[in-house]
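Only one structure is covered here, and it is reproduced in the block below.
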Amino acid sequence: MTKKERAATVTELLKEAYPDAVCALHYTTDYELLFATRLSAQCTDVRVNLVTEDLFKTFPTLESYAEAPIEAIEDGIKTCGLYHTKARDLKACAAMLLADFGGRVPDKIDDLLKLPGIGRKTANLVLGDIYGQPAVVTDTHCIRLSNRLGFVKNEKDPLKVEMALRKLLDPKESSDFCHRLVLHGRECCTARNPKCQNCPLATVCPSYPMSK
């Protein structure tokens, strides 16, 4: 079985195991997803969702972020960690979206990467979830599972993993595929003590079994 064939099989098996491929972060607007993903750096999605429930009410528009004292934004996101940097990025990002993009999150990766604090992971998530474009979100789960599934070998660089997956995945499936990898990484293929005996990918996983 080639890597591309394995990727196609894994895609179908993940669909069966996790039919609802959805982002774990809560949002209602394009910039709320952008901001929630920025807050998720070195922080759990559960914590981010708790924080943004109040944050998005306190700051209901891009203008409210851009005009707010930085201390007010910091107070709202302290429990996410790295709150000084994240607050600075949210405020500057809101100002740039208003000044340069008409208050709309751009739909091109080069433009997204111009925004303060926004890297390829966040940009790809926005492109896939907001605009339905082919996207590969290489978070820690995606990187770990891509190595275990043999799509890459001993590779930790997010960009290299992204480029490898783009060659293997059906573009129409890539965004949902990454969401399903997150679900599978949390539920079954955990970093420590993966539950190989219950894994729906066991028949095609070159790392099986990793646990007894």
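The values are calculated or read from the model by the stated rules, or taken from the named source; none is laboratory data. Only a predicted model underlies this, so the values are computations on that prediction, with no experimental measurement involved. Because the Cβ atoms are built from the backbone with ideal geometry, glycine has one as well, and the counts that use them run over all protein chains shown.
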Take the residues of the stretch 159-194 that are among the basic types (Lys, Arg) and at pLDDT 95 or above: which is farthest from residue 145 (Cα to Cα)? 172
Matching residues in the stretch 44-58 - criterion: being surrounded by 18 or more Cβ atoms within 10 Å (Cβ to Cβ) and either in the same structural domain as residue 140 (by TED's automatic domain parsing) or hydrophobic (A, V, I, L, M, F, W, C) (or both): 48, 51, 55, 56
Under 7 Å between Cβ atoms, which residue pairs at least 6 apart in sequence (or on different chains) link something in the stretch 131-144 that is of a type in the set (S, T, N, Q) with a partner that is outside any loop (DSSP other than H, G, I, E, B)? 133/127; 138/121; 138/158; 138/161; 138/162
Hits in the stretch 36-53 (condition: acidic (Asp, Glu) and at pLDDT below 95): 45
Return yes when residue 146 is closer than 25 Å to residue 105 by Cβ and among the small types (Gly, Ala, Ser) and no when it is not. no
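Suppose the filter is buried (at least 16 other Cβ atoms within 10 Å of the Cβ), farther than 22 Å from residue 20 by Cβ and either under 19 Å from the mean Cα position of the chain (by Cα) or touching a residue at least 24 places away in the same chain (Cβ under 8 Å) (or both); does residue 156 pass it?
no
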Cβ pairs under 8 Å, 6+ apart or interchain, first in the stretch 59-80 and within 14 Å of residue 92 (Cβ to Cβ) and outside the structural domain of residue 103 (by TED's automatic domain parsing), second among the hydrophobic types (A, V, I, L, M, F, W, C) and not in a helix (DSSP H, G or I), ordered by first then second residue, are none
Under the condition of being touching a residue at least 40 places away in the same chain (Cβ under 8 Å) and among the hydrophobic types (A, V, I, L, M, F, W, C), which residue from the stretch 81-111 is nearest to residue 162 (Cα to Cα)? 105
